[in-house]
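The values are calculated or read from the model by the stated rules, or taken from the named source; none is laboratory data. All values derive from a computational prediction rather than experimental measurement. Virtual Cβ from ideal backbone geometry, glycine too; neighbours counted across all protein chains shown.
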2 protein chains.
Amino acid sequence: MKKNRSVILAEGAFGVLGSKTAACVIRHRQNEVVAVIDSTQAGKTTEEVIGFGGPIPIVCDLAEAMKYLPDSLLVGIAPKGGRLPEEWRAILKEAISLGLHIFSGMHTFLSEDAELAELAREKATALVDLRDVPDDLPVARCLAADVEAFVVLTVGTDCATGKMTVALQMTEAARKRGLKAHFAPTGQTGIYIAGEGIAVDRVIGDFVAGATERLVLEGAEGNDFVFVEGQGSIFHPGYSGVALAMLHGALPDALILCHQPSRVLVSDYDVPIVSLSEAVRIHDAVSAPIKPAPVVGIALNCFDLSEEETLREIEKAEKETGIPATDCIKFGADKLVRAVIDRMNSGGKGKCTSRSNP
Amino acid sequence: MKKNRSVILAEGAFGVLGSKTAACVIRHRQNEVVAVIDSTQAGKTTEEVIGFGGPIPIVCDLAEAMKYLPDSLLVGIAPKGGRLPEEWRAILKEAISLGLHIFSGMHTFLSEDAELAELAREKATALVDLRDVPDDLPVARCLAADVEAFVVLTVGTDCATGKMTVALQMTEAARKRGLKAHFAPTGQTGIYIAGEGIAVDRVIGDFVAGATERLVLEGAEGNDFVFVEGQGSIFHPGYSGVALAMLHGALPDALILCHQPSRVLVSDYDVPIVSLSEAVRIHDAVSAPIKPAPVVGIALNCFDLSEEETLREIEKAEKETGIPATDCIKFGADKLVRAVIDRMNSGGKGKCTSRSNP
């Protein structure tokens, strides 16, 4: 499916926090985005609104976006309540009629919408539901422990701490060093960016670990490193299960812990964020019985702090844990890649607990 | 749906381990089972094969089972590979034709089988898929922490250690003490026995905790105690995610840890079973950040040990952990109910970490 010239639908919500998908896609695939639809901010550039993305124009509607010759439309916001709002339906119908492919990460599948599906058939365009998952996923079998590639999983003290961005940036930084590195996407945005992957949070509970295992096995083929995009957090009241399943499905050799220093409570919950040292200790505790997966690097998300404050947080994190830390957006991911390589060179590949302690 | 006189289909597999559903239903609802179909053991009683169930006859086919005037048929075995085998289809068609309701815990839903569904409509019988789950489940919101009832969750060092049986037995033991106790079933067998519940392992990853939360909220209404049937184990390579999601969805006040002393490796995996003290420590570690849930009792599953060996294991477990232990099948669940009541009286209801440590 061609998506070299995307227009992103972010009506009424374009921003770093309001449209995570839109912002992430622009950060990592700036050259593939021709315009963003948000009538409330039309006339500005993405750079002006989110601080990156350069001159990508924000336009007021699809008609205006068509001037930039898009080949596809990405739904870059999530509807409240999960159902497709009527005003979006009108935009999607117009886009299909104009021959655009549609990409959506919504829980409600566009391909199951009779009207849109029929129209897409007529116009020979594609409706791609990024959250659609294979129906033949297995229960995990500890197979990921046997791959030769060094497997790294990003985990977090909460949701939305930067796990996808850090995994992507580490993959790119490793490739710049000449290493064969694979990014394994597990959420709709990462899947859109990479053009492959499985939205593990959409998988039936019993098969979440198996889905992750499959991504590691496939990603390890011919690669030295697999960077798996983590989901949720083992400390999150709603999403902890998916996070633990991923840990035991990926059986990583090392973890990168993502954390936002300014956040005090778990997003939308009255539950405190754990400290970094607690987070390291508890990840150690839950990985050890199957395969130890040490935290070898800490990725701080200091988007809301000054450079001086960020440097202070990095120093504090390293002092508290003894583990290398950085902010990948501000200072690049190479420090964390070096930490991973150090771990590989010193400890080598990890093994399942059963094999190392028979 | 009437199921006061069930015949259980367990062809070729009836036994404590070969047909877990059949054995559990007979243990807890002996008076509602009129016959078991297993041609390889026809002529025996269930008591002769599994050690309980009394004189329930094992018969060679459905025709013979009909002599005992069943009102329903329960599929008590799981097909290899998930698909409905052709020979089972023939039996199910015959049963529907004879007017029996069909209960099934298979992953493949009978109600989605066009041929069986059509036949059931004609004969006005029901096809009940015990694993079918509601499609409006929420993300968990820490609401279970607010119920007035004392919530107990059974957890395990592995799958199939007795979590459902222990929760059921504790519910019954609490009721015998005059307490208002509710059993919250989370798997197909418990759902069949109780006539309600949600098969949480069939729920999409993001909503497993939310499904558990709903069961606790509903079960707590008008009850003093809710005993939640746990699933999987946070140490199981395939099912750990479901287990952790349940812990954070139920936000229990106390845990009962189920363990089979004779088991060395996780079932079907080359991974050692954790020690009891490790299991207690790691459950403490993962519950503490949201709401502490101490292990207050240990339920040992010593089905394969002599009484003397069992007593020795109980003593060993108590010495290792300092926590009351017993084998509920051999000695009843009252000791564990007392441990729960002691906890309630000493510590009272647990609270979310945020509220106790603001």
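Observations, loosely collected:
- In the stretch A:161-203, the residues that are more than 14 Å from chain B (Cβ to nearest Cβ) and among the small types (G, A, S): A:G162, A:A167, A:A173, A:A174, A:G178, A:A181, A:A184, A:G190, A:A194, A:G195, A:G197
- Extreme residue, nearest to A:M164 (Cα to Cα), among residues of the stretch A:210-264 that are within 14 Å of another protein chain (Cβ to nearest Cβ) and aromatic (F, W, Y): A:Y239
- In the set A:A293, A:A299, A:A285, only one residue is of a type outside the set (V, I, T) and in a helix (DSSP H, G or I); that residue is A:A285.
- Every residue from the stretch A:178-212 that is at negative phi and over 15 Å from the mean Cα position of the chain (by Cα): A:L179, A:K180, A:A181, A:V203, A:I204, A:G205, A:D206, A:F207, A:V208, A:A209, A:G210, A:A211
- Those residues of the stretch A:307-337 which are in a helix (DSSP H, G or I), touching a residue at least 24 places away in the same chain (Cβ under 8 Å), in contact with a helix residue (DSSP H, G or I) (Cβ under 8 Å, 6 or more places away or on another chain) and surrounded by 16 or more Cβ atoms within 10 Å (Cβ to Cβ), in sequence order: A:A317, A:T321, A:C328, A:I329, A:D334, A:L336, A:V337
- Checking the stated criteria, B:L247 turns out not to satisfy the condition of being closer than 30 Å to B:E308 by Cα, touching a residue at least 60 places away in the same chain (Cβ under 8 Å) and hydrophobic (A, V, I, L, M, F, W, C).
- Of the set (1) farther than 21 Å from A:E148 by Cβ; (2) under 17 Å from the mean Cα position of the chain (by Cα), all apply to A:A167 but (1).
- Inspection of the stretch B:224-236 finds no residue satisfying the criterion of being within 25 Å of B:D284 (Cβ to Cβ), charged (D, E, K, R) and at pLDDT below 95.
- Residue check for A:D268: out of contact with any helix residue (DSSP H, G or I) (no Cβ under 6 Å at 6 or more places or on another chain) and without any contact (Cβ under 8 Å) to a residue 60 or more places away in the chain: yes
- Any hit, the stretch A:134-142, residues being out of contact with any Pro (no Cβ under 8 Å at 6 or more places or on another chain) and under 30 Å from A:D71 (Cα atoms): yes
- Flag if B:A160 is at pLDDT below 95 and in the same structural domain as B:V274 (by TED's automatic domain parsing): yes
- Test: residue in the stretch B:35-46 that is closer than 21 Å to B:T165 by Cα and surrounded by fewer than 16 Cβ atoms within 10 Å (Cβ to Cβ): no
- The number of residues in the stretch B:273-298 that are within 8 Å of another protein chain (Cβ to nearest Cβ) and surrounded by 24 or more Cβ atoms within 10 Å (Cβ to Cβ) comes to 2.
- Residue satisfying condition, being facing chain A (nearest Cβ under 9 Å), in contact with a Ser or Thr (Cβ under 6 Å, 6 or more places away or on another chain) and either more than 23 Å from B:K351 (Cα to Cα) or in a loop (DSSP other than H, G, I, E, B) (or both), within set B:D206, B:D304, B:D270: B:D270
- Considering the stretch A:166-201, the residues that are of a type in the set (D, E) and not in a loop (DSSP other than H, G, I, E, B) include one that is surrounded by the most Cβ atoms within 10 Å (Cβ to Cβ), namely A:D201.
- Residue within the stretch A:338-357 that is within 14 Å of chain B (Cβ to nearest Cβ), part of a loop (DSSP other than H, G, I, E, B) and without any contact (Cβ under 8 Å) to a residue 60 or more places away in the chain present: yes
- Members of the stretch B:125-154 that are more than 13 Å from chain A (Cβ to nearest Cβ), touching a Gly at 6+ places or on another chain (Cβ under 8 Å) and hydrophobic (A, V, I, L, M, F, W, C): B:L130, B:A149, B:L153
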